Amino acid sequence: MTIKKDTVFCDIDGTILKYRPFGEYSLSNSEPTPGSVQKLQQWSEKGHIIILTTARPEAMRNFTVQELMANGILFDQLVMGVGRGKRYLVNDNSPKEPETDRAIACCLVRDNGLVGIDI
């Protein structure tokens with residue numbers, strides 16, 4: 001039996017890196033939130049897919065990738081330019097397991113990190 005891996009969509013600023021006002025990214029050093037680096041590494045080691053999302057514009061891709069790498073943050077994909085409003089994850093449930101939700105959302109307190117979040 002093949003074990004299906006989960007996909008984690010995770011915001012960057014205020015979630016895995018401490019929040020900084022948009023205009024201050026290049027003026028200040030980034031700092032990971034508590035437990036974020038370890039949690040992402042743990043999920044990656046389990047084979048889960050990590051997709052980071054951010055409202056940062058596409059023009060900041062190289063800066064963002066360098067910042068993530070400098071902080072040891074693992075990811076498989078990076079989606080730039082995501083709107084700053086509410087974000088919805090929409091997915092279907094398997095007819096074989098209709099009682100098992102395949103879309104789950106976690107809203108975190110800004111800058112508190114991924115401590116206590118598990119998949």
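The values are calculated or read from the model by the stated rules, or taken from the named source; none is laboratory data. All figures in this text were calculated on a predicted structure; none of them were measured in a lab. Because the Cβ atoms are built from the backbone with ideal geometry, glycine has one as well, and the counts that use them run over all protein chains shown. In case anyone asks, the SASA skips ligands and DNA or RNA and just uses the protein heavy atoms, side chains included. Shrake-Rupley method; radii C 1.70, N 1.55, O 1.52, S 1.80 Å.
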Notebook entry, point to check: Say we look at segment 81-98 and pick out the residues that are at pLDDT below 95 and of a type in the set (G, A, S); which of these is least open to solvent (accessible area, probe 1.4 Å)?
Noted result: S94
Notebook entry, point to check: What are the pairs, 6+ residues apart or on separate chains, where a residue within segment 62-90 that is at negative phi has its Cβ under 7 Å from a residue that is aliphatic (A, V, I, L, M) and open to solvent by 70 Å² or more (accessible area, probe 1.4 Å)?
Noted result: L89/A105
Note to self: Criterion first (in contact with a Cys (Cβ under 8 Å, 6 or more places away or on another chain) and under 15 Å from V8 (Cβ atoms)) does I117 satisfy it?
What the structure shows: yes
Checklist line | Where a residue in segment 37-61 is closer than 15 Å to V79 by Cβ and its partner, wherever it lies, is part of a helix (DSSP H, G or I) and open to solvent by 20 Å² or more (accessible area, probe 1.4 Å), with Cβ under 7 Å and at least six apart | finding: I50/S44
Checklist line | Unique match (being touching an Asp or Glu at 6+ places or on another chain (Cβ under 8 Å) and not polar (S, T, N, Q)) among G47, G23, G14 | finding: G14
Notebook entry, point to check: Which one is most open to solvent (accessible area, probe 1.4 Å) among residues in segment 99-119 that are closer than 24 Å to E45 by Cα, among the hydrophobic types (A, V, I, L, M, F, W, C) and at pLDDT 90 or above?
Noted result: L108
Check: Looking at L68, L40, L78, which is the one that is within 18 Å of K5 (Cβ to Cβ), modelled with pLDDT of 95 or more and either in contact with an Asp or Glu (Cβ under 8 Å, 6 or more places away or on another chain) or not in a loop (DSSP other than H, G, I, E, B) (or both)?
Finding: L40
Item checked: Residue satisfying all of: in segment 1-28; open to solvent by 90 Å² or more (accessible area, probe 1.4 Å) and either of a type in the set (K, R) or more than 19 Å from R61 (Cβ to Cβ) (or both); modelled with the lowest pLDDT among these -> M1
Note to self: For the structure I just gave you, tell me whether E24 is touching a residue at least 12 places away in the same chain (Cβ under 8 Å) and more than 28 Å from K4 (Cα to Cα).
What the structure shows: no
Check: Before we move on, is N62 surrounded by 12 or more Cβ atoms within 10 Å (Cβ to Cβ) and polar (S, T, N, Q)?
Finding: no
Note to self: So, in segment 37-59, how many residues would count as being within 15 Å of L17 (Cβ to Cβ), surrounded by 15 or more Cβ atoms within 10 Å (Cβ to Cβ) and of a type outside the set (G, A, S)?
What the structure shows: 8
